[in-house]
Ligand SMILES: NC(=O)c1ccc[n+]([C@@H]2O[C@H](COP(=O)([O-])OP(=O)(O)OC[C@H]3O[C@@H](n4cnc5c(N)ncnc54)[C@H](OP(=O)(O)O)[C@@H]3O)[C@@H](O)[C@H]2O)c1
């Protein structure tokens, strides 16, 4: 197959946020390294981490100018010399650099086949949002049936996955979301939904749990909500899995842990988990396959934008104006 030399792509030109992402038409089509495959991108996933990277707030993130995006699904069109699979023609989903483009390279070992019968677009989230939600709930959050879980940003891509999996595990779910998104969260099976923008979240969670607090909190909101999350967790046995900083950094002191928030705080980053605990990641992906087979994890129905509308998609994600997964179509 003959491949073009250049392609359309979204380039981040500064660390001032998504306002400085622009379409270029002459990006070189990358060549796969010896352990990599080149895919023709069918759909790229937009993630909150794309916003963090665009401000330089992602640890070890790229320096501008760089091709934005890191999650994409598409068809393998070329492979490095050491690659034994997936073969050209396979539809895969994976993470790498420069997903907001017509072509990108992926590590072959981490290119997951799109489930049979699914479109590439429907597979978005499989290697980012779902493993994040499952890891936060189970190996890290140690969820058990009958427990109460507080899920922030529950209408978002990761939050929807977390609500779905938590309900599957038999938990009571208290969700938070912006007011216009409450119907989405309740339709997923959340037992309660609270306003993420206004109100006393900790008091509401304590009221809903008879004063006990949530057994598990999935904390991605950050900012002032971080302290509400700590106050909403059950004393002594409550776990707070911290995996996002959407609202900004927040601090806790050792004094507060001893005298105020006697809870178990667990930091989590999926990229680090994949590198530092590959066995746990393998188990997570195996469990996700089981959830697909059981019909718990269903094909995504992302809100799709043309690649040229990428800046608008990123702006809406940043402005909390989106529901569920977002896709860019090159
Ligand atoms: N640690 C990891 O490995 C990992 C992996 C994947 C995702 N994450 C984190 O998980 C979170 C969700 O990511 P996602 O890609 O699925 O995005 P998303 O949930 O689809 O969108 C972000 C949502 O966060 C909520 N939010 C709360 N405070 C916000 C603020 N100050 N600014 C903007 N949004 C705010 C908004 O929901 P409401 O308006 O409804 O409250 C917003 O819609 C992010 O914090 C992300 O960094 C972490």
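The values are calculated or read from the model by the stated rules, or taken from the named source; none is laboratory data. These numbers were taken from a predicted model, which means no experiment stands behind them. Cβ atoms come from the backbone with ideal geometry, glycine included; neighbour counts cover every protein chain shown.
A few comments on the model shown:
- Number of residues in segment 243-263 that are assigned to a helix (DSSP H, G or I) and under 27 Å from residue 57 (Cα atoms) equals 3.
- Test result for residue 70, within 16 Å of the ligand (Cβ to nearest atom), modelled with pLDDT of 95 or more and closer than 17 Å to residue 109 by Cβ: yes
- Selection from segment 293-330 of residues that are more than 19 Å from residue 22 (Cα to Cα) and buried (at least 17 other Cβ atoms within 10 Å of the Cβ): 297, 299, 300, 302, 320, 322, 323, 324, 325
- Residue 199 meets the conditions (1) under 22 Å from the mean Cα position of the chain (by Cα); (2) modelled with pLDDT under 95 in every case but one. The failed one is (1).
- Hits in segment 210-242 (condition: assigned to a loop (DSSP other than H, G, I, E, B) and crowded, with 19+ Cβ neighbours inside 10 Å): 213, 215, 220, 221, 234, 238
- Residues located in segment 164-205, provided they are touching a helix residue (DSSP H, G or I) at 6+ places or on another chain (Cβ under 7 Å), assigned to a helix (DSSP H, G or I) and within 17 Å of residue 226 (Cβ to Cβ): 201, 202, 205
- Number of residues in segment 5-32 that are over 15 Å from residue 88 (Cα atoms) and touching a residue at least 60 places away in the same chain (Cβ under 8 Å) equals 13.
- Residue 76 being without any contact (Cβ under 8 Å) to a residue 60 or more places away in the chain, surrounded by fewer than 24 Cβ atoms within 10 Å (Cβ to Cβ) and within 16 Å of the ligand (Cβ to nearest atom): no
- Some residue of segment 171-193 being out of contact with any strand residue (DSSP E or B) (no Cβ under 9 Å at 6 or more places or on another chain), farther than 20 Å from residue 135 by Cβ, within 9 Å of the ligand (Cβ to nearest atom) and touching a residue at least 24 places away in the same chain (Cβ under 8 Å): no
- Of all residues in segment 149-172, those that are more than 25 Å from residue 303 (Cα to Cα) and buried (at least 24 other Cβ atoms within 10 Å of the Cβ) total 3.
- Subset tally (residues that are more than 14 Å from the ligand (Cβ to nearest atom), assigned to a helix (DSSP H, G or I) and touching a residue at least 12 places away in the same chain (Cβ under 8 Å)) for segment 281-326: 11
- Criterion (more than 14 Å from the chain's Cα centre (by Cα) and part of a strand (DSSP E or B)) met by exactly one of 83, 77: 77
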